[in-house]
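> The following block contains the structure, expressed as structure tokens.
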Amino acid sequence: MKQSILVVNCGSSSLKLALFDENENKLASAIAERLNGQDAFARIDGDEQAVTLPATADHKQALKALVSAFSDRQLMSTTPTAIGHRVVHGGETFRQAVLIDSDVIKAIKGCADLAPLHNPVNLVGIEATREQFPDTEQVAVFDTAYHQTLAPRAYLYALPESYYRDLNVRRYGFHGTSHFFMAHEAARLLEKTPATTSIISAHLGNGCSITAIKDGLSVDTSMGLTPLEGLVMGTRSGDIDPGLFDYLRSRGMQQAEVHKMLNQKSGLLGISGQTNDMRSLCELADHGHEPSALAIEIFCFRLAKYIGAMMASLSQLDALVFTGGIGENSHRVRKQTVSHLNLLGFDINADMNSHHGRYSDGRIDDTRSRFPILVIPTNEELVIAREAKRLASIA
Ligand code: AMP
């Protein structure tokens, strides 16, 4: 039977699996949703038949069912050769991916205060796979780790220093696996090495962040202590004036209500009043829905301002890179964003931007542009599989 590397991404009520062979080919992927409720559901991508699950299935049951569905289809032996886990917050403890042992689990638990919605559920996935595959080496890959090269000028807030020293309050940054992948893919497309390539990487999905990458290393990024800071996102506000908290409290709003408003009711959804889905917003805007057009404009304008800000961290720029569901697919967002950056020398080629899939080098910049502009599909699962393979030292 072939070697297989299983990639596990646990959300609060979901479990996503991807399976790779030792040559980095993706063999299969699967998702289980609505876990720990009354209505659990699981399926393998490309397979119409649902994988049978108890209605109240938890992560462990879903994992077992999906792994046996993979092996029924002869995609893997009953045991994967290595397992890679996405873990959201590694604090300052983890600067890179690590083999999981009981000390690592303790340290991930130690970072849970910084990501109470994510780290505990990532640990559920780790415990479930350790129980099911006790002899398989497992690796944790952290969203924050790539940003551990930020200098204090980029990661410290202008707060009394005791907040950093005693409470770990600092900017951590997220989407690290995607930005790392951009650093390497951009270098490959530009026929350079990552260590000599400097880019601005814009990951635009439901969550959005932008990173300045100097000679292959993250030197500034838009997300902060939590993934709420920075760009406008699907349902998250991004940057706001912290004075808003006092104001809303004075108007009788509770902390939990403010948290929910900023994380789940703001961003593209909040401004448009309709949807957080960029594709639907573009359609609505095309049909004259002004709040949707405004949501897209605010999204692009904030992004353009951040691209300008990221240039302060770099001494050369080899490319501006767009990725994520929006960055890869929305020519409208790319065009509208770059239209604010002509003074800095960015210029987009309308034809290449509309048909970027036609060009294998990913370029969408016009000949007049001072800098290359690239569209690169992200592949966080592949990064996790590579790290699992490297650290589990598969022969
Ligand atoms: P992600 O979180 O990376 O899966 O990205 C999700 C976002 O990508 C959603 O806002 C989608 O509407 C957006 N998206 C996906 N395909 C397209 C498309 N063809 N045009 C515009 N936005 C898209």
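Values in this text are rule-based calculations from the coordinates and carry no lab data. Note that this is a predicted model, so its numbers are computed, not measured. No Cβ is skipped: glycine too gets one built from the backbone with ideal geometry, and neighbour counts run over all protein chains shown.
> Hey, fewest Cβ within 10 Å first, where do Val383, Val104 land in order?
Numbers: Val383 22, Val104 19.
The order, fewest Cβ neighbours first, is Val104, Val383.
> If the elastic network links every pair of Cα atoms under 10 Å, which of Thr52, Thr221, Thr197 fluctuates the most in the Gaussian network model of the chain?
Judging by the Gaussian network model, the answer is Thr52.
> To continue, here is another question. Grab the beta carbon distance between Ser102 and Ser315, set R0 = 51 Å, and tell me the FRET efficiency rounded to 0.05.
Details: r = 44 Å, r/R0 = 0.85.
Using R0 = 51 Å, I get an efficiency of 0.70.
> So, one more: Quick check on packing: order 140-149, 77-86, 246-255 by the mean number of other C-beta atoms within 10 Å, highest mean leading.
Averaged packing, sorted descending, gives the order 140-149, 77-86, 246-255.
> Apply the a/c threshold of 1.5 to the C-alpha gyration tensor of the range 241-329 and tell me whether it is rounded, prolate or oblate. Could the numbers behind the result be given before it?
Working: a/c = 2.55, a/b = 1.27, b/c = 2.01.
Oblate is the answer for the range 241-329, as a/c is 1.5 or above yet b/c matches or exceeds a/b.
> What residues have an amide H closer than 5 Å to that of Ala28, excluding those fewer than 5 places away on the same chain, when H is modeled at 1.01 Å from N in the peptide plane?
So Ala28 has HN proximity to Leu19.
> Determine ³J(HN,Hα), in whole Hz, for all residues of the range 28-41 in sequence, where each value follows from phi through the Karplus function 6.51 cos²θ - 1.76 cosθ + 1.60 and θ = phi - 60°; x replaces Gly and Pro.
5, 9, 8, 9, 10, 10, 6, 6, 6, x, 10, 9, 4, 8
> Right, something else. Could you tell me the extents of the range 328-387's C-alpha atoms along the three principal axes, largest first, rounded to whole Å?
40, 23, 19
> Here's a follow-up. Identify which of Arg153, Arg236, Arg34 has the largest mean-square fluctuation in a Gaussian network model of the chain, with springs joining Cα atoms closer than 10 Å.
Highest fluctuation of the listed residues: Arg153.
> If you don't mind, there's one more thing I want to ask. Enter the angle in degrees (range 0 to 90, nearest 10) between the Cα long axis of helix 290-310 and the first principal axis of the Cα atoms of the chain, meaning the one along which they spread out most.
90 degrees
> Here's something else I'd like to know. Once phi is turned into θ = phi - 60°, what whole-Hz ³J(HN,Hα) does the Karplus curve with 6.51, -1.76 and 1.60 give for every residue of the range 372-386, x standing for Gly and Pro?
x, 10, 10, 10, 10, x, 7, 8, 5, 4, 5, 4, 5, 4, 4
> Mind sorting Ile376, Ile364 by how few other Cβ atoms lie within 10 Å of their own Cβ, fewest first?
Ile376, Ile364
> Hey, another quick one. Most mobile of Val321, Val375, Val67 per a Gaussian network model of the chain (Cα springs, under 10 Å)?
Sorting by GNM fluctuation, first place goes to Val67.
> Then there's this: When the gyration tensor of the range 64-166 is built from Cα positions, what are the square roots of 5 times its three eigenvalues, in whole Å, from largest to smallest? Mind dumping the intermediate values first?
On the way: eigenvalues 227, 33, 25 Å².
Working from the Cα gyration tensor, I get semi-axes of 34, 13, 11 Å.
> Still on this structure: Hey, could you get me the Stokes-Einstein D for the chain, Kirkwood radius over alpha-carbon pairs, 37 °C and 0.692 mPa s, rounded to whole µm² s⁻¹?
148 µm²/s
> Enter the angle in degrees (range 0 to 90, nearest 10) between the Cα long axis of helix 176-189 and the first principal axis of the Cα atoms of the chain, meaning the one along which they spread out most.
Taking Cα atoms only, the helix is inclined about 70 degrees.
> Could I ask something else about it? Taking amide hydrogens as modeled 1.01 Å from N in the peptide plane, which residues meet the under 5 Å criterion relative to Ser218, leaving out close sequence neighbours?
Thr149
> Something else about it: Fewest to most neighbouring Cβ within 10 Å: what's the order for Ile31, Ile373? Mind showing how you got there, number by number?
On the way: Ile31 19, Ile373 26.
Result, fewest neighbours first: Ile31, Ile373.
> Once phi is turned into ³J(HN,Hα) by the Karplus curve 6.51 cos²θ - 1.76 cosθ + 1.60 with θ = phi - 60°, what whole-Hz value does each residue of the range 151-162 show in order, with x for glycine and proline?
Those phi angles translate into 7, x, 4, 9, 9, 8, 7, 7, 10, x, 4, 5 Hz.
> From the cross-link list Lys64/Lys265; Lys64/Lys109; Lys109/Lys305; Lys16/Lys389, which pairs have alpha carbons spaced over 29 Å apart?
Values: Lys64/Lys265 35 Å; Lys64/Lys109 24 Å; Lys109/Lys305 36 Å; Lys16/Lys389 19 Å.
Flagged as over cut-off: Lys64/Lys265; Lys109/Lys305.
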